[in-house]
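Quick notes on the structure that follows.
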Amino acid sequence: MIADIYNYELGADYLQYEFDSTGPKGIIRKVVQYSETNLKNVYNLGFGDKDLITNELNDLIITNNGDSQKVLATVASTLFVFTDNYPDATVIALGATSARTRLYRMGITNNIEEIEKDFEVYGLKNKTWFKFSKNITYDAFLVKRKK
């Protein structure tokens, strides 16, 4: 999964990562942002296109640039750098829409054996966290680096 990724630039605090998606729709700047929550060592993973006017992350745009697997692999690869620098962090990820959450689930499902070598993965269903299982629709995902 992590083999074919885009090169990315990272912020000094290891909380923001930017890269360019390249495809039929051109070059589109993407942002991965880890944001602190009100819970200690729990971070939200935000991901989307960079609005070139406001410089903010827009997680509602659907790019369809033909490189979704490479984009998701790039996002996943940032987890390694982030958790190297924040080893006690737990990361929560959910899509801005149910379709995007489904896309994340498919990405995790297709690579779960590889992911579980380094991370514990859980899915949220009915307000309860469960160890991730294939073919279950989750509302969000939780990832923690194995020690």
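The values are calculated or read from the model by the stated rules, or taken from the named source; none is laboratory data. All values derive from a computational prediction rather than experimental measurement. Note that each Cβ is placed from the backbone with ideal geometry, even for glycine, and that neighbours are counted across all protein chains shown.
Of note:
- The set of residues in region 9-21 that are of a type outside the set (A, V, I, L, M) and either in contact with a Lys or Arg (Cβ under 8 Å, 6 or more places away or on another chain) or surrounded by 15 or more Cβ atoms within 10 Å (Cβ to Cβ) (or both) comprises Tyr14, Gln16, Tyr17, Glu18, Phe19, Asp20, Ser21.
- Screening the candidates Thr74, Thr54 for the property of being among the polar types (S, T, N, Q), out of contact with any Ser or Thr (no Cβ under 8 Å at 6 or more places or on another chain), more than 14 Å from Tyr14 (Cβ to Cβ) and assigned to a helix (DSSP H, G or I) yields one hit, Thr74.
- Put simply, of Asp13, Asp59 the only residue that is within 24 Å of Ile92 (Cβ to Cβ) and modelled with pLDDT of 95 or more is Asp13.
- Qualifying residue in region 123-137 (condition: closer than 27 Å to Glu9 by Cβ and not in a loop (DSSP other than H, G, I, E, B)): no
- Taking every residue in region 13-33 that is farther than 23 Å from Phe82 by Cα and pairing it with any residue that is modelled with pLDDT of 95 or more and acidic (Asp, Glu), at least 6 positions away or on another chain, the pairs with Cβ-Cβ distances below 9 Å are Ile27/Asp20.
- Scanning region 92-122 for residues that are under 15 Å from Leu72 (Cβ atoms), at pLDDT 90 or above and outside any helix (DSSP H, G or I) yields Ala93, Leu94, Phe119, Val121.
- Cβ-Cβ distances below 7 Å connect the following pairs, each with a first residue in region 87-108 that is closer than 17 Å to Ser35 by Cβ, a second residue that is part of a helix (DSSP H, G or I) and at pLDDT below 90, and a separation of six or more residues or different chains: Ala93/Tyr104; Gly95/Leu103; Gly95/Tyr104.
- Figure legend. Inter-residue proximity from region 57-74: first residues surrounded by 14 or more Cβ atoms within 10 Å (Cβ to Cβ), second residues at pLDDT below 90 and of a type in the set (D, E, K, R), beta-carbon distance below 7 Å, spacing 6+ or different chains. Indicated pairs: Lys70/Asp4; Ala73/Asp4.
- Meets criteria (in a loop (DSSP other than H, G, I, E, B), of a type in the set (D, E, K, R) and more than 22 Å from Ile92 (Cβ to Cβ)) for Asp4: yes
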